[in-house]
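A quick write-up on the structure given underneath.
Just so it is clear, none of the values below were taken in a lab; they were calculated from the coordinates. In this text, all values refer to a predicted model and were calculated from it rather than measured experimentally. Here the Cβ positions follow ideal geometry from the backbone for every residue, glycine too, while neighbour counts run over all protein chains shown.
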Amino acid sequence: MGEIAPVRKRRRWPWWVAGVAVLCVALVLYSGLVVFSLTHPSRDVLRTNPGLWGLSYQNVTFPSRAGGLQLQGWWIPSPGAKLTVVLAHGYSSNRAMDSLPGLALASALHNMGANVLMFDFRAEGASPGTEVTVGVKEQWDLVGAVEAARSTFAPGVPVAVIGYSMGASTALLAAEDDPNVVAVVADSPFANLKTYLEANLPVWTHLPAVPFNAIIMAILPIVSGAHASQADPLAGLAKLGSRPVLLIAGLKDQLIPYQNSVLLYNTAKKTDPNASLWLVPMALHTESFKLQPVAYLTHLYTFLHPFDGALKAPVLSPAGL
């Protein structure tokens with residue numbers, strides 16, 4: 001009889017290897033859900049309109065320069081105006097910017113004698129779209145708003161843009177690509193979206209930086225089709241030439257630290273003698289107007305008056321706002 005061959009034992013992977021694999025898959029899947037929720041925030045429904053503030057207005061639509069979207073907005077004309085101001089709202093907000101409040105600002109600008117265009121970015125408020133890209137594609141929405149103001153709503157009238165948070169950075173991006181923007185006010189912008197997110201993602205995700213930041217940043221372009229590096233207002237500041245830029249930031253801002261505005265200002269000042277910076281003590285994110293309305297409107301009036309010498313000085317009383 002031949003010898004019986006020994007039975008080979010099957011190699012068994014240690015249980016911890018399988019556990020690590022499952023954990024990695026779970027981290028990636030969960031991070032994907034986080035990315036989806038960040039790029040698909042719940043819409044902030046409009047609860048007011050300019051008529052409730054005593055303003056005559058029109059509901060308007062106009063095309064974005066990208067994606068074929070028809071964006072929704074309010075056109076608030078001022079008879080004989082020689083300047084139009086386009087307002088650009090922040091992330092997960094809408095044209096009314098209730099927390100600002102946006103319509104108080106629009107009313108003040110209108111009383112100064114400027115036309116005002118307020119609109120919803122893609123996938124926000126009442127505008128179509130399904131995805132928010134935090135400036136990457138929104139810049140083309142804003143370019144579309146500027147073009148509509150210049151060519152349709154108030155032909156030939158110069159256009160300035162005032163943006164808040166995401167809208168502030170988007171205003172800089174749009175102006176860098178569109179020379180028809182004569183001036184920009186950027187309230188609480190980020191300097192570079194990629195760098196900002198790498199340092200501040202936990203503020204939005206409420207997750208630890210390790211390991212989630214790296215995973216989320218890797219998944220973001222896969223889920224959204226947009227790379228954070230494409231929203232880089234800092235890199236294109238020289239394109240503004242000598243067009244005036246006013247940067248505003250609150251020293252207590254914990255969402256987009258004021259150092260972003262300082263960096264933008266220091267960079268802009270190298271090529272733009274008309275760049276200016278206002279840092280507001282005690283102000284949180286985009287809270288400067290609410291905290292110091294008189295000073296805020298005075299800054300805007302001083303900044304915008306060179307483009308329309310007929311602008312009226314704002315009512316320098318909080319009760320009159």
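Note on Thr152, Thr298: ascending count of other Cβ atoms within 10 Å places them as Thr152, Thr298, the fewest first. Counting neighbouring beta carbons within 10 Å and listing from fewest to most, the residues Lys194, Lys312 come out as Lys312, Lys194.
Hydrophobic, long helices, defined as DSSP H runs whose alpha-carbon span along the helix axis is 24 Å or greater and whose mean Kyte-Doolittle value is at least 0.0, occur in the chain at 15-39. Proximity of backbone amide H atoms, modeled 1.01 Å from N, is registered between Phe62 and Leu71 at under 5 Å, excluding neighbours fewer than 5 places apart on the same chain.
Using C-alpha pairs under 8 Å with a sequence gap of at least 6, the mean separation divided by the residue count of the chain gives a relative contact order of 16 percent. A dipole drawn for the chain from +1 and -1 charges on Cβ atoms has a positive end, and of Phe62, Val20, Ser169 the residue lying farthest that way is Val20. Of all DSSP bridge pairs formed entirely within the chain, close to 30 percent run antiparallel. Within the shell defined by Cβ-Cβ distances under 11 Å, the residues around Val157 carry a net charge of +1, with Lys and Arg each +1 and Asp and Glu each -1.
Per-residue Cβ neighbour counts within 10 Å put Trp278, Trp74 in the sequence Trp278, Trp74, beginning with the fewest. Spin-label pair Ala295-Ser151: with each label point 7 Å from Cα along the Cα-Cβ axis, the two points sit 4.1 nm from one another.
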